[in-house]
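For reference, the structure discussed in these notes is given below.
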Amino acid sequence: MKWNEYIECMDREQLTKLQSERLSTMVERLYYNVPFYRKQFQKNGIEPGDIKSVDQLKQLPFTTKQDLRDNYPFGLFAVPVADVVRLHASSGTTGKPTVVGYTRKDLNIWSEVMARTLTSAGAGKTDVLHVAYGYGLFTGGLGVHYGAEKIGATVIPMSGGNTQRQLQLMQDFGSTILACTPSYALFLAEAMAEAGMTVDSFKLKAGVFGAEPWTEEMRREIETKLKIKAIDIYGLSEVIGPGVASECMDQCGLHVFEDHFIPEIVDPKTLEVLPYGQIGELVFTCVTKEALPLLRYRTRDLTVLNVEKCSCGRTLVRMKKCLGRSDDMLIIRGVNVFPSQIETVLLEMNETRPHYLLIVDRVNNLDVLEVWVEVDGQLFSDEIRKLEALKKKIQHNIESVLGINASVKLVEPKTIERSEGKAKRVIDKRKLM
Ligand code: DLL
């Protein structure tokens with residue numbers, strides 16, 4: 001089943017034409033409405049009206065997370081804030097979050113692409129959709145929610161946490177589709193077994209999992225343990241949230257909703273555009289959004305595009321499961337974490353030395369973060385109470401800035417290995433790629 005067969009199976013020539021028309025209008029809008037882009041266009045000698053086709057995308061400037069940060073909070077909006085009906089936010093590279101805005105029309109686009117996503121995972125009007133993605137500034141919960149309502153499914157807005165209650169309601173309400181991060185899906189499966197519940201007492205048939213990298217092995221494990229079809233869904237706040245690309249039931253790549261978000265693959269070092277089939281950094285240009293239509297936004301996600309028609313009949317280009325990142329962002333329990341954010345927290349406290357190490361692991365299918373920090377040797381000869389207090393303070397500050405729970409280990413000077421080149425700040429034991 002397809003939600004929008006006309007678009008999803010469109011002849012590519014016709015699709016390119018549609019993209020070109022939309023891009024051309026968008027460039028003109030940005031020229032007049034966003035000073036940041038106007039300046040860039042002028043610098044590159046681009047006049048409104050110059051861009052007429054997607055082939056000219058490469059003439060346009062890139063946009064990065066840093067640009068969003070420099071224009072925090074609303075500087076890149078292309079409409080007055082009064083026309084924005086919703087804000088969401090995700091982690092920035094340091095203290096300030098990345099803020100994204102939606103007009104009413106943007107929310108409609110979002111529901112449309114999420115309706116396509118859920119339909120391609122086999123969901124429909126008769127399904128009961130259990131949403132365990134977080135509701136709030138994170139785009140996961142509300143993004144799935146609106147798409148699910150659009151297709152007429154029965155939505156359970158659970159949000160995260162309280163695993164026992166999640167399982168109980170899933171069982172009582174006869175949920176058929178589960179929406180959460182893949183690691184939480186595995187955690188639920190395990191909790192189910194521990195609670196003595198059998199998977200056959202549930203009605204689950206599929207899950208839409210994303211927001212963090214996961215492997216084919218994890219997919220197999222989820223599918224076996226929960227007896228469902230596990231569908232990979234991809235998105236990022238800056239582009240719209242979930243609903244940028246989604247697998248179909250054939251599970252051979254994620255269809256990019258490129259009538260709204262035009263993808264390119266570039267070499268992350270030279271920024272040169274790479275042909276289909278080559279691995280590189282995924283870049284998106286939004287051609288229909290009103291509030292925050294970014295041009296050539298560098299996602300930092302590494303993948304490959306495949307333009308061959310899918311066995312499901314869709315002609316939309318497919319991206320491979322994400323293969324890694326071209327920066328150091330980690331995703332811990334669905335939260336985007338940059339090592340630099342933790343560094344800022346530590347340095348601002350002025351009570352530790354500038355040497356730290358982040359150790360990320362997965363225990364019982366849940367991510368855990370341990371932060372090792374060097375402190376003055378003197379502290380170790382002081383009362384243990386002082387050490388404990390400092391540990392708690394660091395933990396608290398990390399939690400209040402990043403919203404994640406880290407366990408902190410204070411260590412003596414020189415415990416953390418020094419490197420001659422780039423400092424190694426992260427040990428990720430999860431093997432997600
Ligand atoms: O994670 C949006 C989302 C919510 C997607 C729910 C899917 C489901 P952000 O918090 O802005 O948005 O994080 C975006 O998460 O650049 C990727 O690095 C990573 N990511 C998202 N989906 C996947 C996926 C949401 N399916 C960042 N596989 C992106 C691997 C993913 N990584």
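The values are calculated or read from the model by the stated rules, or taken from the named source; none is laboratory data. Being a predicted model, the structure only gives us computed values, none of them experimental. Because the Cβ atoms are built from the backbone with ideal geometry, glycine has one as well, and the counts that use them run over all protein chains shown. Just so you know, the surface numbers come from the protein's heavy atoms only, side chains and all, with ligands and any DNA or RNA stripped out. Shrake-Rupley method; radii C 1.70, N 1.55, O 1.52, S 1.80 Å.
Residue-by-condition table, conditions (1) within 14 Å of the ligand (Cβ to nearest atom); (2) outside any loop (DSSP other than H, G, I, E, B); (3) surrounded by 21 or more Cβ atoms within 10 Å (Cβ to Cβ):
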| site | (1), (2), (3) |
| --- | --- |
| ASP250 | no, no, no |
| ILE262 | no, yes, yes |
| THR270 | no, no, no |
| PHE284 | yes, yes, yes |
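Where in the stretch 151-239 are there helices (runs of 4 or more DSSP H), lying fully within it, with 2 or more residues that are at pLDDT below 95 and either assigned by TED's automatic domain parsing to the domain that holds THR299 or touching a Phe, Trp or Tyr at 6+ places or on another chain (Cβ under 9 Å) (or both)?
On the way: elements: 163-172, 182-194, 216-226.
Counting at least 2 such residues, we get 182-194, 216-226.
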Give me the pairs: first residue in the stretch 64-88 and without any contact (Cβ under 8 Å) to a residue 24 or more places away in the chain, second residue open to solvent by 80 Å² or more (accessible area, probe 1.4 Å) and of a type in the set (Lys, Arg), beta-carbon distance under 6 Å, and six or more apart or on different chains, which are they?
-> VAL85/ARG104
Failed item in (1) over 25 Å from LEU254 (Cα atoms); (2) touching a helix residue (DSSP H, G or I) at 6+ places or on another chain (Cβ under 8 Å); (3) of a type in the set (S, T, N, Q), with THR117 passing the rest | (1)
Please go through the stretch 206-235 and pick out each residue that is farther than 20 Å from GLY253 by Cα and open to solvent by 10 Å² or more (accessible area, probe 1.4 Å).
-> THR224, LYS225, LYS227
Only residues in the stretch 365-379 that are in contact (Cβ under 8 Å) with a residue 60 or more places away in the chain count as the first member; pair them with residues that are of a type in the set (Val, Ile, Thr), Cβ under 6 angstrom, at least 6 apart or cross-chain, and list the lot.
-> ASP367/ILE332
Residue set ALA115, ALA123; condition more than 12 Å from the ligand (Cβ to nearest atom), in contact with a strand residue (DSSP E or B) (Cβ under 8 Å, 6 or more places away or on another chain) and touching a residue at least 12 places away in the same chain (Cβ under 8 Å); output residue ALA123
Please work out which residue is farthest from the ligand (Cβ to nearest atom), limiting yourself to the stretch 314-334 and to residues that are in contact with a helix residue (DSSP H, G or I) (Cβ under 8 Å, 6 or more places away or on another chain) and open to solvent by less than 40 Å² (accessible area, probe 1.4 Å).
-> THR315
Out of (1) within 13 Å of the ligand (Cβ to nearest atom); (2) closer than 30 Å to THR64 by Cα; (3) open to solvent by less than 10 Å² (accessible area, probe 1.4 Å), what's the single condition that is false for ALA148?
-> (2)
